[in-house]
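Down below is the structure, laid out as structure tokens.
The values are calculated or read from the model by the stated rules, or taken from the named source; none is laboratory data. Note that this is a predicted model, so its numbers are computed, not measured. Note that we place each Cβ from the backbone using ideal geometry, even for glycine, and neighbour counts take in every protein chain shown.
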Amino acid sequence: MKKHVLVLGAGMVGTCTALQLALRGHSVTLVDRREPGRETSYGNAGLIQCEAVEPYPFPQDPAVLLRVALKQGAAVNYHLGAMPSLAPALSQYWANSRGARYQKIAREYGQLSSRSVIEHAPLIEMAGAGDLVRREGYRMVFRTPAGLDASVRDAERLQREVGVNFRAMTGQELAVAEPSLKLRLAGAVHWTDPWSVSDPGELVQRYADLLVQRGGAIARGDALSLRASGAGWTVQCEGGAIEAEHAVVALGPWSAQLIRPLGYRFPLFVKRGYHRHYRQASGPDLAVFDAERGYVMVPMKRGVRVTTGAEFARLDAPSTPVQMTRAEALARELLDLPDPVESEPWRGARPCTGDLKPVIGPAPRHKGLWFHFGHGHQGFTMGPVSARLLAEQMDGDTPVIDPAPFLPQRFL
């Protein structure tokens, strides 16, 4: 039966949600204050990480925690004033990053990420977006033999357990594959299955264009204006109010602002991040994750994009791009980077949950309201498969994977 659906949020997750529903014949309007793919989905490393079958855990190593506390390196920064408000969710994040609890979460989480390439592939083909995609993986590089050895052991474990593919590279092999690297490094783990995208925001826009071609609509509006209306929901847009019987909250880091007034106080928090482009830099050939320093270098349309790790802060607090400064200095140790393209670093925020898993399913207390957020670092990766899982729940179909681990009621 054809449904009328509002999808709030035009990042990768929201756009894929609207597209999956439109492909199933539903009447869909995608609502955002900006054009598709201009917020969080614009600023990531552009990797479709099917090998990322385990979510990023909260560090447990005391030495790592000490470096974080002292704000050393490019991997983590924090605003001290924000920590009291973040503490409840972060405490859950820490507790769920340990032992058997984390192992169970990783098995559930991996069901989504392992299908990411499979579910992106048909959408990329239908959207005519193959020119944006490379299918050669990315490299995690290591400056020390100890770091490389530990990563190879972990990669071997994941290969045994879930079948991901990789190639261990010596320092010499890495130097041949990436001749632009100025330092002789210990080596690399080349994850061969992931895909990389030369313009993440453009891929979201191509999916949005496909949505319109398949009968969907896109409206500029205030998603936070969503209100119950009769037997459905209404949202204020530039052309006036739009009503539908169903609404999907896919607002990424802004989702909490909408659902809290409705009585849902989930353990949600954001990890902010920064990036900058460097035009016409020499290399790298593939995306490079400097794993022991906590930043990524990616060849993209606008130049080499250098992205930072996580910043724990309030969502709309002023930028403090100290990580970007550190990441740039570290990247210059490896590459000859020209001057940056942007006058100031771009900043975005990753929507995270205390149990490391996204929220996908019906709102427990509101008929016709659906939740689809909290994908952390992997919204760009998981968008299509996660959207398929939500659409199958809405249609009452047999889901591609068990939705139970991701349902909103787990927080009630």
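If I go through region 275-284 residue by residue, how many of them are touching a strand residue (DSSP E or B) at 6+ places or on another chain (Cβ under 7 Å) and in a loop (DSSP other than H, G, I, E, B)?
Filtering region 275-284 for residues touching a strand residue (DSSP E or B) at 6+ places or on another chain (Cβ under 7 Å) gives 275-281, 284.
Next cut, in a loop (DSSP other than H, G, I, E, B) only: 279-281, 284.
Residues that pass the stated criteria total 4.
Is there any pair linking a residue in region 383-412 that is at negative phi to one that is aromatic (Phe, Trp, Tyr) and not in a loop (DSSP other than H, G, I, E, B), with Cβ under 7 Å and at least six apart or on different chains, and which?
Within 7 Å, the pairs are Leu390/Trp370; Met394/Trp370; Pro408/Phe371.
So how many residues does region 1-39 have that are in contact with an Asp or Glu (Cβ under 9 Å, 6 or more places away or on another chain), hydrophobic (A, V, I, L, M, F, W, C) and surrounded by fewer than 24 Cβ atoms within 10 Å (Cβ to Cβ)?
Selection size over region 1-39: 1.
Yes/no per residue for (1) within 24 Å of Ala391 (Cα to Cα); (2) aromatic (Phe, Trp, Tyr):
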residue: Ser229; (1), (2): yes, no
residue: Trp233; (1), (2): yes, yes
residue: Val249; (1), (2): yes, no
residue: Gly273; (1), (2): no, no
residue: Arg305; (1), (2): no, no
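Being in contact with a strand residue (DSSP E or B) (Cβ under 7 Å, 6 or more places away or on another chain), surrounded by fewer than 22 Cβ atoms within 10 Å (Cβ to Cβ) and aliphatic (A, V, I, L, M), is that true of even one residue in region 193-210?
Within region 193-210 (the criterion being in contact with a strand residue (DSSP E or B) (Cβ under 7 Å, 6 or more places away or on another chain), surrounded by fewer than 22 Cβ atoms within 10 Å (Cβ to Cβ) and aliphatic (A, V, I, L, M)), the answer is no, since none of the residues qualifies.
So which residues in region 12-51 are assigned to a loop (DSSP other than H, G, I, E, B) and out of contact with any strand residue (DSSP E or B) (no Cβ under 9 Å at 6 or more places or on another chain)?
Correct list: Arg24, Gly25, Gly37.
Any residue in region 159-168 that is closer than 25 Å to Ala387 by Cα, in a loop (DSSP other than H, G, I, E, B) and β-branched (Val, Ile, Thr)?
yes
Can you tell me which residue in region 196-249 is modelled with the lowest pLDDT, limited to those that are hydroxyl-bearing (Ser, Thr, Tyr) and over 19 Å from Val133 (Cα atoms)?
Of everything passing the filter in region 196-249, Ser229 is modelled with the lowest pLDDT.
Would you point out which residue out of Gly147, Gly201 is assigned to a helix (DSSP H, G or I), in contact with an Asp or Glu (Cβ under 8 Å, 6 or more places away or on another chain) and either in contact (Cβ under 8 Å) with a residue 40 or more places away in the chain or farther than 24 Å from Ile48 by Cα (or both)?
Gly147
Going through Ala208, Ala188, Ala256, Ala219 one at a time, which residue ends up being part of a strand (DSSP E or B) and closer than 24 Å to Gly368 by Cβ?
Residue meeting the stated conditions: Ala219.
What's the total number of residues in region 388-402 that are part of a helix (DSSP H, G or I) and more than 20 Å from Met12 (Cα to Cα)?
Here the count works out to 1.
Can you spot a residue in region 130-149 that is within 30 Å of Leu210 (Cβ to Cβ) and loosely packed, with under 13 Cβ neighbours inside 10 Å? Step through it out loud before you land on a result.
Here is the first cut: in region 130-149, the residues within 30 Å of Leu210 (Cβ to Cβ) are 130-138.
Those still in the list that are loosely packed, with under 13 Cβ neighbours inside 10 Å too: 130-131.
Looking through region 130-149, at least one residue is within 30 Å of Leu210 (Cβ to Cβ) and loosely packed, with under 13 Cβ neighbours inside 10 Å.
Pick from region 385-396 the residues that are of a type outside the set (Lys, Arg) and in contact with a helix residue (DSSP H, G or I) (Cβ under 8 Å, 6 or more places away or on another chain): which of them is surrounded by the most Cβ atoms within 10 Å (Cβ to Cβ)?
Top of the filtered list is Ser386.
Would you point out the residue of region 83-113, among those that are polar (S, T, N, Q) and part of a helix (DSSP H, G or I), that is nearest to the chain's Cα centre (by Cα)? Walk me through how you get there before you give the answer.
Initial filter on region 83-113 (polar (S, T, N, Q)): 85, 91-92, 96-97, 103, 111, 113.
Now drop any that are not part of a helix (DSSP H, G or I), which leaves 85, 91-92, 103, 111, 113.
Numbers: Ser85: 23, Ser91: 21, Gln92: 20, Gln103: 21, Gln111: 16, Ser113: 11 Å.
Taking the candidates together, the pick is Ser113.
So which residues in region 222-253 are surrounded by fewer than 17 Cβ atoms within 10 Å (Cβ to Cβ), assigned to a loop (DSSP other than H, G, I, E, B) and touching a strand residue (DSSP E or B) at 6+ places or on another chain (Cβ under 8 Å)?
Hits for region 222-253 are Gly230, Glu238, Gly239, Glu245.
Counting only residues that are more than 15 Å from Thr308 (Cβ to Cβ), surrounded by 20 or more Cβ atoms within 10 Å (Cβ to Cβ) and touching a helix residue (DSSP H, G or I) at 6+ places or on another chain (Cβ under 7 Å), how many does region 256-291 have?
Residues in region 256-291 being more than 15 Å from Thr308 (Cβ to Cβ), surrounded by 20 or more Cβ atoms within 10 Å (Cβ to Cβ) and touching a helix residue (DSSP H, G or I) at 6+ places or on another chain (Cβ under 7 Å): 3 in total.
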